[in-house]
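The structure under discussion appears below in the form of structure tokens.
The values are calculated or read from the model by the stated rules, or taken from the named source; none is laboratory data. Remember, it's a predicted structure, so these values are computed and weren't measured experimentally. Every residue, glycine as well, gets a Cβ built from its backbone with ideal geometry; the counts of neighbours run over all protein chains shown. With ligands, DNA and RNA removed, areas are computed over all heavy atoms of the protein, side chains included. Shrake-Rupley method; radii C 1.70, N 1.55, O 1.52, S 1.80 Å.
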Amino acid sequence: MNLTFAYVYDSFLTDRKYERDLANVETELARLGVEGKVIRLAMFRQARELIIDAMRSGVRNLVFVGNDRTLQSALPILPTHDLTVGFIPMEKVGTLGREFAIPTGPAAAEVLAARRIELFDLGTCNGRPFLVDAVASAPGASLSIEGRYRVGSDTARLEIRNLTGTRGDDGKLDAYFLSDQPQGFFARWKQALAGETHLPFVDGELACRQGVSLMVDGDVMQGERFSFGVLPRALKCIVGKTRQG
Amino acid sequence: METGGTVIARGVKVEGDFSSQGDVVIDGEVSGSLSASGTLRIGSEAVIKADVEAGEAVIAGRVDGSVTILRRLDVMTSGQIKGDIKAETISVEAGAVLNGAMSVGGRTSVPSSEENKAEPETET
């Protein structure tokens, strides 16, 4: 067993349909010499303590086994971001496997064994770190950017992206106001999506007197005001060799 | 400051001091001030209530404010500018509406990082 690796299994993996794939993953990890301690997620408070215990015993590579939510929801509870994080996607649906160039299931073990590491920014929303994006469903909300100007739309939805479709370590978030209507005198100069406003920024504040419902990496946050920021290159991740960073 | 690829689509409003180090495309509304070191494209339905500075510009919408362009300014048929214009070169399509003093030719200093240089103005 490799004492520097620990594997955090999401609770949904107890379903019997994952039994064979998990066994194959564990076989591959052992074959490649990167099998390690297993931590099974049940309650996040317990998980945080288990992770801290694992780190005290020398774990330096924390691998999340499950789906995008397994890794994303763990970010706020990681005791430190000075860990190397890995990911084994067990479902084909998802963003992070593609972003990190990590194949699904047993084939991910080779990526872990190669241990190619890249640094990624983390976004923050009211201090909560997020990896992929924060999506607002609040027409009429306005985003104040870097204290310099304010942007709003009565109809478009707002997405604040850290990772998806952008570079992961540019030290910026990207605000997108998305509309379904095709538009634009200069459409040929724009990306494929019609009606897309794109504004890179470093810090900003989203406000709406009627309140805003935000989906931050899959978790719902509600309130009238949200502050956004960036933790540049805060997350060390094991990625596949085909990742285009 | 943003870098490259900034787009403000129709239906989106910006208020304040907006600046970009790259190219900017605007189909929405901007009020305050607007500057882009690269190429600024103002769409036919865009409404700009701001003083505009850019490296180059193609204007097909409405601008209420001064326009200062370092290199080339193209004003399309649907373009309307209500304010003074300064550019190194300018092209104006038939039908465009310009209402203000125009200064064309000679060096024009612009966006943010450059000081304004006093140059003799050439009226056209």
Yes or no: the range A:29-43 includes at least one residue that is in contact with a Gly (Cβ under 7 Å, 6 or more places away or on another chain) and farther than 28 Å from A:C125 by Cβ. no
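Rundown of residues vs (1) open to solvent by less than 20 Å² (accessible area, probe 1.4 Å); (2) modelled with pLDDT of 75 or more; (3) not in a strand (DSSP E or B), yes/no style:
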| residue | (1), (2), (3) |
| --- | --- |
| A:D174 | yes, yes, no |
| A:A194 | no, no, yes |
| A:G211 | no, yes, no |
| A:M221 | no, yes, no |
| A:F228 | yes, yes, no |
Search result, residues across the range A:230-245 that are out of contact with any Ser or Thr (no Cβ under 8 Å at 6 or more places or on another chain) and open to solvent by less than 60 Å² (accessible area, probe 1.4 Å): A:A234, A:L235, A:V239, A:G240, A:R243
Could you tell me whether any residue of the range B:61-78 is within 8 Å of chain A (Cβ to nearest Cβ), in contact (Cβ under 8 Å) with a residue 12 or more places away in the chain and not polar (S, T, N, Q)? yes
Does the range B:83-97 contain at least one residue that is facing chain A (nearest Cβ under 8 Å) and in a strand (DSSP E or B)? no
Anything in the range B:22-40 that is at the interface with chain A (Cβ under 10 Å from one of its Cβ atoms), closer than 24 Å to A:D170 by Cβ and open to solvent by 40 Å² or more (accessible area, probe 1.4 Å)? List them, or say none. B:D23
Kindly indicate whether any position in the range A:152-167 is over 21 Å from A:E196 (Cα atoms), out of contact with any His (no Cβ under 6 Å at 6 or more places or on another chain) and either basic (K, R) or at pLDDT below 90 (or both). no
Six or more apart or on different chains, Cβ under 7 Å: which pairs go from a residue in the range A:128-143 that's hydrophobic (A, V, I, L, M, F, W, C) to one that's surrounded by fewer than 21 Cβ atoms within 10 Å (Cβ to Cβ) and part of a loop (DSSP other than H, G, I, E, B)? Could you list them? A:V132/A:T95; A:V132/A:T164
Could you tell me whether any residue of the range B:60-73 is open to solvent by 30 Å² or more (accessible area, probe 1.4 Å) and of a type in the set (D, E)? yes
Do we have B:E15 as buried (at least 21 other Cβ atoms within 10 Å of the Cβ), closer than 24 Å to A:A175 by Cα and either of a type in the set (D, E) or at the interface with chain A (Cβ under 9 Å from one of its Cβ atoms) (or both) here? no
Subset tally (residues that are at pLDDT 95 or above, farther than 13 Å from B:A46 by Cβ and polar (S, T, N, Q)) for the range B:16-36: 2
